[in-house]
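J.: Structure provided below as structure tokens; questions to follow.
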Amino acid sequence: VKDYNPNTIVKLATDKLKAKGKITLTDNLDRLLAEGNITQEEYNEYYPYDGAGYYSVFMETNLYDAKTTSGRKLSSEEEIAEHIAEMLALEPGSFFLIEYAGVYTTGGNDFYEFRCYRA
């Protein structure tokens, strides 16, 4: 078993998407509030998801078993983060948020759940 940190995946994938010009939902809400385009009450209501939909990416918790749904092996935190970032980069909207949502167990295997919000 080779452990890895799901929070590291979130940070790496987020940084990759920002480098591609995408904006986190939270950064966008912060900007809207700072510019006076939304009130503090609206900010509190919208934060952090701002009504965005999401899909989940499930990745084996054992790095030795991590792979894409098509079976391509992902052998590092960097490769997992790149995989998640590539999927979100294909979304037409400018805004995103990635969060680690815990461990999901099925068929005797444990998976990290990464929620990928997009708008």
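J.: Whole number please: convex hull volume per residue of the Cα set in the range 36-103, in Å³?
T.: 118
J.: Classify the range 5-45 as rounded, prolate or oblate from the Cα gyration tensor: take a ≥ b ≥ c as the square roots of its eigenvalues, call it rounded if a/c is under 1.5, otherwise prolate when a/b beats b/c and oblate if not.
T.: oblate
J.: Another question about this same structure. Please tell me the relative contact order of the chain in percent, rounded to the nearest whole number, where contacts are Cα pairs under 8 Å and at least six residues apart. Walk me through the numbers before you get to the answer.
T.: Details: 183 pairs, mean separation 42.2, N = 119.
After rounding, I find 35 percent.
J.: Another question, then. So what is the accessible area of the chain per residue, in Å², with the probe set to 1.4 Å?
T.: Per residue, the chain has 56 Å² of solvent-accessible surface.
J.: Something else now. Each residue of the range 42-50 in order: what ³J(HN,Hα) in whole Hz does its phi give by Karplus 6.51 cos²θ - 1.76 cosθ + 1.60, θ = phi - 60°, with x for Gly and Pro?
T.: 3J(HN,Hα) across the range 42-50, in whole Hz: 5, 4, 4, 6, 7, 5, x, 8, 6.
J.: Ignoring ligands, DNA and RNA, what percent of the accessible area of the range 8-65 is carbon or sulfur (1.4 Å)? Could you put the intermediate results ahead of the total?
T.: Working: 1620 of 3270 Å².
Of all accessible area on the range 8-65, carbon and sulfur atoms account for 50 percent.
J.: Is the range 76-119 rounded, prolate or oblate when judged by the Cα gyration tensor, a ≥ b ≥ c being the square roots of its eigenvalues, rounded requiring a/c under 1.5 and prolate requiring a/b larger than b/c? Don't skip to the answer; put the middle values down first.
T.: Numbers: a/c = 2.77, a/b = 1.76, b/c = 1.57.
Since a/c reaches 1.5 and a/b is larger than b/c, the shape of the range 76-119 is classed as prolate.
J.: If each DSSP helix of 4+ residues adds -39,500 (n - 2.57) and the sum is divided by the residues in the chain, what number results at 222 nm, nearest 500 deg cm²/dmol? Before the final figure, lay out the partial values.
T.: Numbers: 4 runs with 44 residues, N = 119.
Taken over the chain, the calculation gives -11000 deg cm²/dmol.
J.: Can you give the translational diffusion coefficient of the chain in µm²/s, computed by Stokes-Einstein from the Kirkwood radius over Cα pairs at 25 °C and 0.890 mPa s? Could you put the intermediate results ahead of the total?
T.: Working: Rh = 15.1 Å.
Once the numbers are plugged in, D ends up at 162 µm²/s.
J.: Using the Kyte-Doolittle scale, find the helices of the chain whose mean hydropathy is at least -0.5 and whose Cα atoms extend 15 Å or more along the helix's long axis, counting only whole DSSP H runs.
T.: Helix filter hits for the chain: 6-19, 77-89.
J.: Grab the Cα-Cα distance for LYS2 and ASP110, subtract it from 0.36 nm times how many residues apart they are, and report the gain in nm with one decimal.
T.: My answer for the length gained is 37.6 nm.
The values are calculated or read from the model by the stated rules, or taken from the named source; none is laboratory data. Remember, predicted model here, so these are calculated numbers, not experimental data. Note: areas computed on protein heavy atoms with side chains; ligands, DNA, RNA excluded. Shrake-Rupley method; radii C 1.70, N 1.55, O 1.52, S 1.80 Å.
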